[in-house]
Structure formats: C-alpha cells, structure tokens
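Take a look at the structure set out below.
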Amino acid sequence: MADTPRPLVAGNWKMNGLRGSAAELTKIMSGAPEVAARADLMVCPPTTLLATFASLVQGTPVTVGAQDCHAEPSGAFTGDLSAEMLADSGAVAVIVGHSERRQYHRETDVEVNAKARAAWRAGLTAIVCVGETKDERESEKTLDVVHQQTQTSLPDGANAKNLVVAYEPVWAIGTGLTPTPADVAAVHGFIRRHLETRYGAAGNDIRILYGGSVKPSNAVELLHVPNVDGALVGGASLKADDFLGIARAYLA
Ligand code: PGA
C-alpha cells in the first residue's frame, strides 16, 4: 500500500477571537505534543492575532495560517492584505477560496487560482477550498462542481508542500450536517484522481482535508475515510478541548 500523507488538522477561527483568545491557543499548545506524533496541527486565527499567535507557537508543533489573501504583493488595495504580509506576520499557510469568501465576496475560481499563486510567491502553503451547495448535491452535480473548482482554482505546479485541498460541502459548514463516509470517500477519491492526473506522483502526497461540522464525536468516522488526510475545522476549533479531541482521532 502506498504511504498516505501525514494528516493535518487545521482550525479556521473565521471572524472570531480577541487578544484574550491566546489562552485557548496556549491550551492547544499544551495538548499538541500528544497528537503531534501522528498529525500536524495548525490554527488560522483572524489576521489581527496572526503575529501574536505566530510568536506564541514558536518551538511547538503548532503552526499558524491565515484565512485569505489578496493576489497582488502590494499596492492601492485599501483593507486588503497580501500573502507577503501574512508570511511576514509568521503564517506558514493561507486558506483561499473558502465558501464564505466565494459566497459573500463573490470570489471566482480564477481569483482563487491567483490567490493560491500569490501564496506560493510568498512561500506559503495554499489551502484551497472546494465544495458543492445543497442544491448542487441534490441535483447530483457534486462531482461536476468539484471538478470545475479543482480544475480552475488549483494552479499548475502543485506539490505536497505548497498545496492542501479542503473538500467542504457548503451545506455541511456550521450546520451540524455531514455527508456519509461513503459520500466523503467518493468525493475525496475523485479529487485524488484529479491531483494524480494533473500533478503526477506528487498528486498522491497532496493532503485532501475534509471540512464541515467536524467535531470530536464524528472525527474518527470521518477522518479514517480513504483519501481524507485531515480536517479543516470551523466552530469546533474555537475550543481547545474540541480541537484536540478531533486531532486525537489519529491516536485511535
Ligand atoms: P464548521 O466550518 O466546522 O464550523 O462546519 C468548517 C469551515 O468552514 O472551514
């Protein structure tokens, strides 16, 4: 059997967290050594906390990532942040194309592709999100949608170091609903074949995370599905106990 990639459990804090939340990060850091033997741990706080969190995690198995970036390295883009700025703040990765960005900021696959390339330019890993809406799932368009998103959002030249793909069904995000393990296996297998066709042997090592209502009680079931190489966790990543509880699925 081919080696599977080392799992990554990443917490997407979204627009949550003030300076006091460093206490939660400290708790995550204290539980991290136990799971670090089996999985990588990453926290993606709001950008206001990025530099603080990056200095706090130094020397621990936890890394920090950002939640979005602009495609340009600098310029007249009021309110935006470049991948270089995120790297300068201590991020090692950036999430791009999250469905909330696609939905509320009308981001297209072409823009997501440019953001992923910007991440690479700055030396960051791009965590590119894809996933179908409820309507698309119900009209059996899931694989078509995921195909279109991976085809266009993922840049050429990806490898296991610079790319992580996150499959996040939009209807499963923040709803408590999850696809069945069989449905997750079908989509992750489909993405794996795309990565292998597109990037050759490197495609085998690129991590494909599952995201959408992952919690400690469903983590073992979801994270042991073939081609699921970790989780992108929203709500449950805000509490250290829940986040670590999810990562402990790899100790089971
Ligand atoms: P959730 O969010 O775990 O709260 O469903 C996942 C995500 O949006 O990345």
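Quick notes on this one:
- Any hit, the stretch 233-241, residues being modelled with pLDDT of 95 or more, within 15 Å of the ligand (Cβ to nearest atom), within 15 Å of the chain's Cα centre (by Cα) and not in a helix (DSSP H, G or I): yes
- If you go through the stretch 88-101 and pick out every residue that is more than 16 Å from the ligand (Cβ to nearest atom) and buried (at least 20 other Cβ atoms within 10 Å of the Cβ), you end up with 1.
- Looking only at the stretch 141-150, residues that are more than 17 Å from the chain's Cα centre (by Cα), not in a loop (DSSP other than H, G, I, E, B) and not acidic (Asp, Glu) come to 5 in all.
- Residue among Leu124, Leu143 that alone is hydrophobic (A, V, I, L, M, F, W, C), at pLDDT 95 or above and more than 27 Å from Val220 (Cα to Cα): Leu124
- Test result for Asn12, within 16 Å of the ligand (Cβ to nearest atom), under 17 Å from Ala126 (Cα atoms) and among the polar types (S, T, N, Q): yes
- Among the residues listed as Arg248, Arg137, the single one being within 16 Å of the ligand (Cβ to nearest atom), buried (at least 16 other Cβ atoms within 10 Å of the Cβ), farther than 24 Å from Arg117 by Cα and of a type in the set (D, E, K, R): Arg137
- Meets criteria (part of a loop (DSSP other than H, G, I, E, B), within 14 Å of the ligand (Cβ to nearest atom), open to solvent by 60 Å² or more (accessible area, probe 1.4 Å) and at positive phi) for Gly174: yes
- From the list Gly11, Gly31, Gly20, Gly65, the lone residue that is touching a Ser or Thr at 6+ places or on another chain (Cβ under 6 Å) and open to solvent by less than 70 Å² (accessible area, probe 1.4 Å) is Gly11.
- Count - residues of the stretch 198-223 that are in contact with a helix residue (DSSP H, G or I) (Cβ under 7 Å, 6 or more places away or on another chain) and not acidic (Asp, Glu): 14
- Cβ-Cβ under 6 Å pairs, at least 6 apart or on other chains, the stretch 160-171 side over 16 Å from Pro7 (Cβ atoms), far side within 11 Å of the ligand (Cβ to nearest atom) and assigned to a strand (DSSP E or B): Glu168/Cys129; Glu168/Gly211
- Residue selected from the stretch 189-231 under the condition away from the ligand (no atom under 16 Å from the Cβ) and among the basic types (Lys, Arg), by the criterion least open to solvent (accessible area, probe 1.4 Å): Arg192
- All helices (runs of 4 or more DSSP H) inside the stretch 85-140 with 1 or more residues being farther than 17 Å from Ile206 by Cα, of a type in the set (A, V, I, L, M, F, W, C) and in contact with a Gly (Cβ under 7 Å, 6 or more places away or on another chain): 109-121
- In the stretch 151-167, the residues that are assigned to a loop (DSSP other than H, G, I, E, B) and buried (at least 24 other Cβ atoms within 10 Å of the Cβ): Leu154
- Among the residues of the stretch 59-77, none qualifies, meaning not one is in contact (Cβ under 8 Å) with a residue 60 or more places away in the chain, more than 16 Å from the ligand (Cβ to nearest atom), part of a loop (DSSP other than H, G, I, E, B) and of a type in the set (A, V, I, L, M, F, W, C).
The values are calculated or read from the model by the stated rules, or taken from the named source; none is laboratory data. It should be emphasised that the depicted structure is a prediction, and the values quoted were computed from it without experimental measurement. So basically every Cβ, Gly included, is an ideal-geometry build from the backbone, and we count neighbours across all protein chains shown. Ligands, DNA and RNA are stripped out before the accessible areas are found, and what is left, the full protein with its side chains, is counted by its heavy atoms. Shrake-Rupley method; radii C 1.70, N 1.55, O 1.52, S 1.80 Å.
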